[in-house]
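A quick write-up on the structure given underneath.
The values are calculated or read from the model by the stated rules, or taken from the named source; none is laboratory data. Predicted model only: the values in this text are computed from it and were never measured. All Cβ positions, glycine included, derive from the backbone under ideal geometry; neighbour counts span all protein chains shown. Accessible surface areas use protein heavy atoms only, side chains included; no ligands, DNA or RNA. Shrake-Rupley method; radii C 1.70, N 1.55, O 1.52, S 1.80 Å.
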Amino acid sequence: MKNFIVILGDQLNLDNPALDDFDPQQDMVLMIEAPYESTHVWSHKARIALFLSAMRHFAETLRAQGYPLCYLQLGKHDFADLSSAWLALLAEYNPQRVIVCEPGDYRVLKTLNDCTEKLTLPLIVRDDTFFMCSQSEFKQWAGNGKHLRMEYFYRYMRRRYQVLMNADAPVGGKWNYDHENRKSFDKHGPQAIPDVPRFELDDITEAVIADVEHYFPAHPGELQQFCWPVTRAQALIFLQHFIDYKLADFGTHQDAMWQSELASGAFLWHSLLSSSLNLKLLHPKEVIDAVAHAYAQENLPLASAEGFIRQILGWREFIRGLYWLDMPQMAKANHYVHHRDLPAWYWTGNTHMNCMRQTITQTMRYGYAHHIQRLMVTGMFGLLAEIEPKQLADWYLAVYVDAVDWVELPNVIGMALNANHGRFTSKPYIASGAYIKRMSNYCNHCRYKPDLKTSSSACPVTALYWNFLIKHEQTLLNNPRTVLMVKNLNRFNEEERTLIQQKAQQLLSALDEV
């Protein structure tokens, strides 16, 4: 054998650069379902099912295309993890070299590198062409900057790919329409939300779901509502559905949240494309091109088109670049030296805080929550409650179907927890319960009151918010983005400050009970 082509569970496309120049007479593809990939974090059943079903469907595509394939299926081999499987198979087949597309996880890349070094086999790591900015290009853009900002990178990428551009100027005259995309719902809530596309589960997915229930019965989450694309054809249906029925209204309420028992109420006008992008069922450029084309042809709101494209071309590419620029140090970041344990109810939703209960219950049902629920509900509470960053990062990696380390870790460490000291954010993203009340109806159904700080009915988010400001007052006063926020402390006398801190300590000492 000449080349052993390793394909990982988030690299499921025939345009995978590891397959370039593939010779079926001399080369072989290797795919492995390793139990440890589902247990190194306590993975949501829907996340496991999505990865395994998409992998098995892609394996069928490879076989139909004539690729020689060694596929190790869960329950049909004795290897616990990727390392033991790779070492055994590489020793058995003894290829001249191993080829892989850049993994999306530093841990996996290190493991493969350690295996090939142990067997003295050359490892060829090819650039992942399913990102629009390579690692080397991002590193060149970043230079030696200590603090990097997505907005400047986003403008660089808009110019580079001429997306929503008139020569060197942005369409509409402004780069960013985020201020138009922050509206909440009125008292009637969201109206006429498009349904989610549904696919009948085929034999492969049904077998995967049975395997997940058999091999991972105690894992969190449900499978009854499994609705995610597991093939490229299904992902393209999701993309077209978003373009046809959701894009026009996407921007206006993209930050809003609403308590609902319906799937449409959980998903609102969000695209639900992140898992398909992260498994490489879709290419980001085809998604961006489809949105830009729809904007131009259908006269859609620029704020919706630009807001969505910014998430893909700006934030997604930026976060991926930062991950590889800052690993492995990023995984250890803990600027505030927080070491409290993750409350047990993060896995169940069994808390009296309705915002957390709704977000986590939805997460356990679908393996999904939108960006504001992740940032300003579960993430913000983690920061205010002084949760150890690694524990919360592991939780996010475990519970969301779109979670791969390159995207989850920097979003949690940098964006939600500010644990890397403003490496790519200009302030900690914190607010009192008033923000959640403004952006949702969660507070209407909660035992706690968002405007109270110290009583028995005080909102834990509010009490911990003011405690955070008191604890970090001087640092926040020195930051132009937070100086107005922290100056609100001047409204409180010393007795009121003390009461806030006492309430916060009461909450922090019994987080499992809030």
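Things to note:
- Counted residues, region 209-219 - those being part of a loop (DSSP other than H, G, I, E, B), open to solvent by less than 80 Å² (accessible area, probe 1.4 Å) and without any contact (Cβ under 8 Å) to a residue 40 or more places away in the chain: 1
- Subset of region 22-76 (residues that are of a type in the set (G, A, S), open to solvent by 10 Å² or more (accessible area, probe 1.4 Å) and over 25 Å from E408 (Cα atoms)): A64, G66, G75
- Residue check, I99 in contact (Cβ under 8 Å) with a residue 12 or more places away in the chain, out of contact with any Cys (no Cβ under 8 Å at 6 or more places or on another chain) and surrounded by fewer than 17 Cβ atoms within 10 Å (Cβ to Cβ): no
- Taken together, L499, L508, L409 contain a single residue that is more than 30 Å from G265 (Cα to Cα), modelled with pLDDT of 95 or more, open to solvent by less than 30 Å² (accessible area, probe 1.4 Å) and aliphatic (A, V, I, L, M), which is L508.
- Test result for V125, surrounded by 15 or more Cβ atoms within 10 Å (Cβ to Cβ), part of a helix (DSSP H, G or I) and either touching a strand residue (DSSP E or B) at 6+ places or on another chain (Cβ under 7 Å) or of a type outside the set (D, E, K, R) (or both): no
- Conditions (1) surrounded by fewer than 24 Cβ atoms within 10 Å (Cβ to Cβ); (2) touching a Leu at 6+ places or on another chain (Cβ under 6 Å); number of the one not met by A416: (1)
- Hey, A303 in a helix (DSSP H, G or I), small (G, A, S) and open to solvent by less than 50 Å² (accessible area, probe 1.4 Å) or not: yes
Okay, residues lined up against (1) buried (at least 18 other Cβ atoms within 10 Å of the Cβ); (2) in contact with a Phe, Trp or Tyr (Cβ under 7 Å, 6 or more places away or on another chain):
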{"position": "H445", "(1), (2)": "no, no"}
{"position": "Y448", "(1), (2)": "yes, no"}
{"position": "C459", "(1), (2)": "yes, yes"}
{"position": "K487", "(1), (2)": "no, no"}
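- Among the candidates H253, H241, H270, residue that is within 17 Å of Q191 (Cβ to Cβ) and out of contact with any helix residue (DSSP H, G or I) (no Cβ under 8 Å at 6 or more places or on another chain): H253
- For the residues L392, L464, L397, the requirement of being open to solvent by less than 30 Å² (accessible area, probe 1.4 Å), touching a Gly at 6+ places or on another chain (Cβ under 8 Å) and hydrophobic (A, V, I, L, M, F, W, C) singles out L392.
- Residue check for L272: in a loop (DSSP other than H, G, I, E, B), at pLDDT 95 or above and crowded, with 21+ Cβ neighbours inside 10 Å: yes
- Which numbered condition L14 misses (of (1) without any contact (Cβ under 8 Å) to a residue 60 or more places away in the chain; (2) touching a helix residue (DSSP H, G or I) at 6+ places or on another chain (Cβ under 8 Å); (3) under 16 Å from E102 (Cα atoms); (4) buried (at least 18 other Cβ atoms within 10 Å of the Cβ)): (4)
- For region 171-195, a residue qualifies if it is crowded, with 17+ Cβ neighbours inside 10 Å, part of a loop (DSSP other than H, G, I, E, B) and of a type in the set (A, V, I, L, M), and exactly one does: I193.
- Picking from residues in region 348-365 that are open to solvent by 10 Å² or more (accessible area, probe 1.4 Å) and either assigned to a helix (DSSP H, G or I) or out of contact with any helix residue (DSSP H, G or I) (no Cβ under 8 Å at 6 or more places or on another chain) (or both), the one that is farthest from T252 (Cα to Cα) is H352.
- Residue match in region 310-326 (condition: open to solvent by less than 10 Å² (accessible area, probe 1.4 Å), assigned to a helix (DSSP H, G or I), of a type in the set (D, E) and touching an Asp or Glu at 6+ places or on another chain (Cβ under 9 Å)): no
- Residue identified as more than 24 Å from E317 (Cα to Cα), part of a loop (DSSP other than H, G, I, E, B) and either open to solvent by 30 Å² or more (accessible area, probe 1.4 Å) or modelled with pLDDT of 95 or more (or both) among E206, E222: E222
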